[in-house]
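Everything below concerns the one structure shown next.
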Amino acid sequence: MAKPTPLIEHKSQMIEHLMKGCKPKSDWRIGTEHEKIGFCLKSLKPIPYEGGIKSILEGLQRFKWEPVFEGSNIIALKRDGASVSLEPGGQLELSGAPLEHVHQTCREVSQHLREVKEVADEINAGFISLGFRADTKLEDVPVMPKGRYKIMRDYMQKVGTLGREMMFRTCTVQTNLDFSTESDMVKKFRVSLALQPIATALFANSPFMEGKLNGYKSYRSRVWLDTDPDRTGMLPFVFDEGFGFEQYIDYALDVPMYFVYRGGEYLDASGKSFRDFLDGKLDIVPGVKPTLSDFDDHLSTIFPEVRLKTFLEMRGCDTGPWGELCAMPAFWVGLLYDQAALDTAWDFVKDWTTEEREKLRREVPKMGLQTPFRDKTIRDLAVAIMEITRAGLNARARLNTHGENETVFLQELDEFVRSGKSNADRLIDKFNGDWNGDILRVYQDCRY
């Protein structure tokens, strides 16, 4: 049983809690998370929990994964600092262990995909690499048996039009990165927020919906534009003078709650105030004050394009094929883990206005690398950003057994920039060409 965390009596405890994320550069790590869409090989329908996802989680235990239960339902696995868990619609997620370099990250991803394929093959199931379900209607997606998802599902109806789409039909890849000091966190936060639309364009991989082209390069990213304005977006206050841990906490405290976890159950606190919770005035648990664990739970229900915990989460990318699951952390590590690269990247974006950053966020999902910016396009910006991230990875000089550094993982992104075509553009070309409009080809061409 987890050790109880202290009650929160003062805001300073929450500030100190986030500050515990500050680490010397020698201790910086890389955590990569990715989701994938499952399907039944014969019917091509989503994998149900019973007889499907549950069997996969049980089968993966042969690889020394330890099960995690909610009630009688297995909902996750843990092993060596990593976990496998369920998203609301049965998307299977790997949350990787904190690793030292991208070569290790890529090995971890490869091992995970091999293990999942072995187990899935036994029950005639597979997984595909798309950022949005290509042909499954929302009402046909199975619901996973996790208490917090029911609360979220009901609340989403009240705050946006696409929240349930986000929960049940999207897939993302993220990377989680460290900082050394508050000022280092602030610069990394600002750079990564500004550049998140460029990453969205590079990794765009969701051009289909319900069997047709949807008119977007990253429909997953489009969905986030109308999910819940209270907990999403580009966070313009991060660029304000004086921004730091305290200002992020002030923002987080004003984001409506989803739940309180007590006695193994998720209590519905949707729309309620964490500030009332701090004062012991939350009506569902009257007189009870939150712990730091409650605060961590609350932070995990905030979904901006970059999220601050005791590390920074890059959240703007569609999931993709194996190579892109390795390229995504390499892209951000090159920019944020070398000081010269970080400084150069900040110089590149520091004069962008709030309005320009927001406009990119809204236009990139539709136009991808072709999105205009000032007198250029996102593709032009990506050329410059790729040079910066390559310089950062070269400076890190983390080598594999073949003597290659982490720039080896940028090759696919280099091709996207060279051609001006992301994976979404390639899929659109296939759909209009070789596939002859047959969306079922995604189950062959996009399968892991």
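The values are calculated or read from the model by the stated rules, or taken from the named source; none is laboratory data. Keep in mind it's a predicted model, so treat the numbers as computed, not measured. Cβ placement follows ideal geometry from the backbone for every residue including glycine, while neighbour counts extend to all protein chains displayed.
Of note:
- Meets criteria (in a helix (DSSP H, G or I), at pLDDT 95 or above and of a type in the set (Phe, Trp, Tyr)) for PHE127: no
- When residues in segment 63-93 are screened for being touching a residue at least 40 places away in the same chain (Cβ under 8 Å) and closer than 19 Å to ARG169 by Cβ, 8 of them pass.
- Looking only at residues in segment 402-421 that are touching a residue at least 40 places away in the same chain (Cβ under 8 Å) and of a type in the set (Val, Ile, Thr), the one that is farthest from HIS103 (Cα to Cα) is VAL417.
- Residues in segment 204-229 that are surrounded by fewer than 18 Cβ atoms within 10 Å (Cβ to Cβ), out of contact with any Asp or Glu (no Cβ under 8 Å at 6 or more places or on another chain) and charged (D, E, K, R): 2 in all.
- Answer residue from segment 422-431, given it is in contact (Cβ under 8 Å) with a residue 60 or more places away in the chain and assigned to a helix (DSSP H, G or I) and is nearest to ALA341 (Cα to Cα) among those: ASN423
- Filter result (part of a strand (DSSP E or B) and within 23 Å of GLU16 (Cα to Cα)) within segment 245-278: VAL260, TYR261
- Of the residues screened, PHE331 is not one that is surrounded by fewer than 19 Cβ atoms within 10 Å (Cβ to Cβ) and touching a residue at least 60 places away in the same chain (Cβ under 8 Å).
- Test: residue in segment 333-347 that is assigned to a helix (DSSP H, G or I) and within 25 Å of TYR219 (Cβ to Cβ): no
- Top-ranked residue in segment 108-137 [being within 17 Å of TRP65 (Cβ to Cβ) and without any contact (Cβ under 8 Å) to a residue 60 or more places away in the chain; ranked as farthest from the chain's Cα centre (by Cα)]: GLU118
- Residue satisfying condition, being of a type in the set (Val, Ile, Thr), under 30 Å from GLN444 (Cβ atoms) and assigned to a strand (DSSP E or B), within set ILE47, ILE37, ILE53, ILE75: ILE37
- Criterion (surrounded by fewer than 21 Cβ atoms within 10 Å (Cβ to Cβ) and either free of Cβ contacts under 8 Å to residues at least 40 places away in the same chain or not aromatic (Phe, Trp, Tyr) (or both)) met by exactly one of THR105, THR161, THR172: THR161
Listed here are the residues, each with its yes/no results for (1) buried (at least 19 other Cβ atoms within 10 Å of the Cβ); (2) at pLDDT below 95; (3) part of a strand (DSSP E or B).
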residue: THR310; (1), (2), (3): no, no, no
residue: GLY316; (1), (2), (3): yes, no, yes
residue: ALA327; (1), (2), (3): yes, no, no
residue: GLU355; (1), (2), (3): no, no, no
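- Screening segment 39-82 for residues that are surrounded by fewer than 18 Cβ atoms within 10 Å (Cβ to Cβ) and of a type in the set (Ser, Thr, Tyr) and picking the one that is nearest to VAL119 (Cα to Cα) gives SER43.
- Scan of segment 343-401 for residues that are among the polar types (S, T, N, Q), in contact (Cβ under 8 Å) with a residue 12 or more places away in the chain and out of contact with any strand residue (DSSP E or B) (no Cβ under 9 Å at 6 or more places or on another chain), ordered by number: THR344, THR354, THR389, ASN394, ASN400
- Residues (of a type in the set (Ser, Thr, Tyr) and at positive phi) located in segment 284-328: none
- Residue ID - nearest to LEU427 (Cα to Cα), chosen from residues in segment 211-270 that are more than 17 Å from the chain's Cα centre (by Cα) and basic (Lys, Arg): LYS217
- In the set MET185, MET156, MET167, MET152, only one residue is modelled with pLDDT of 95 or more, under 24 Å from SER55 (Cβ atoms) and within 21 Å of the chain's Cα centre (by Cα); that residue is MET167.
- Conditions (1) surrounded by 12 or more Cβ atoms within 10 Å (Cβ to Cβ); (2) closer than 21 Å to SER218 by Cβ; number of the one not met by THR407: (2)
- Taken over segment 354-379, the criterion of being of a type in the set (Asp, Glu) and more than 20 Å from ARG190 (Cα to Cα) is satisfied by ASP375 alone.
- Test: residue in segment 372-384 that is acidic (Asp, Glu), crowded, with 22+ Cβ neighbours inside 10 Å and either closer than 24 Å to VAL333 by Cβ or at pLDDT below 95 (or both): no
- Considering only residues in segment 138-149 that are in contact (Cβ under 8 Å) with a residue 60 or more places away in the chain and in a helix (DSSP H, G or I), the one that is surrounded by the fewest Cβ atoms within 10 Å (Cβ to Cβ) turns out to be ASP140.
- Taking the listed residues ALA97, ALA134, ALA120, the one that is surrounded by fewer than 21 Cβ atoms within 10 Å (Cβ to Cβ) and of a type in the set (A, V, I, L, M, F, W, C) is ALA97, with no other qualifying.
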